[in-house]
Amino acid sequence: MPDTIRDILLAFVRVHILHHAVSERIYGSGMAEELARHGYKLSPGTLYPLLHRLEEEGLLVSESEVVKGKVRRYYTATASGKRALKAVQPRLAELLSEALPEKPTHATRHPK
Ligand SMILES: [Zn+2]
């Protein structure tokens, strides 16, 4: 995949991660499944550094918990993370209304 497209898609993934981390606790493998559902196939070698960087940047905060005998790292959005998502949302809406040939509708997303 060309670097430019990869960069753009990774930015979408970051928005996606923030969106989920604002409304719930997320963790790596669960997020990988959620992103796969949306058509993003990310290796752990891509996803985990992305989560770490969002934490380093202060947008996410993490805590470890033992789940079924394994340590799981849960992430949630910080106040900065919530502000970042709010800052992106109007631009995202603007971009969607302009850059797509037609507005996404329920019908186009779930063709019969
Ligand atoms: Zn999602």
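The values are calculated or read from the model by the stated rules, or taken from the named source; none is laboratory data. Since the structure is predicted, the reported quantities are computational estimates derived from the model, not experimental observations. For accessibility, only protein heavy atoms count, side chains too; no ligands or nucleic acids. Shrake-Rupley method; radii C 1.70, N 1.55, O 1.52, S 1.80 Å.
Details
- The rule of thumb for compact globular proteins, 2.2 N^0.38 Å, goes into the C-alpha radius of gyration of region 3-89 1.05 times.
- Residues in region 3-89 average 62 Å² of solvent-accessible surface per residue, probe 1.4 Å, ligands and nucleic acids excluded.
- Summary of the geometry: region 1-58 and region 61-84, compared by the centres of their Cα atoms, lie 14 Å apart.
- Surface composition of the chain: carbon and sulfur make up 56 percent of the accessible area, probe 1.4 Å.
- By the combined test of axial Cα extent (at least 20 Å) and Kyte-Doolittle hydropathy (mean at least 0.0), the qualifying DSSP H helices of the chain come to 3-23.
- Computed over region 3-89: relative contact order in percent, which uses C-alpha pairs under 8 Å that are six or more apart: 33 percent
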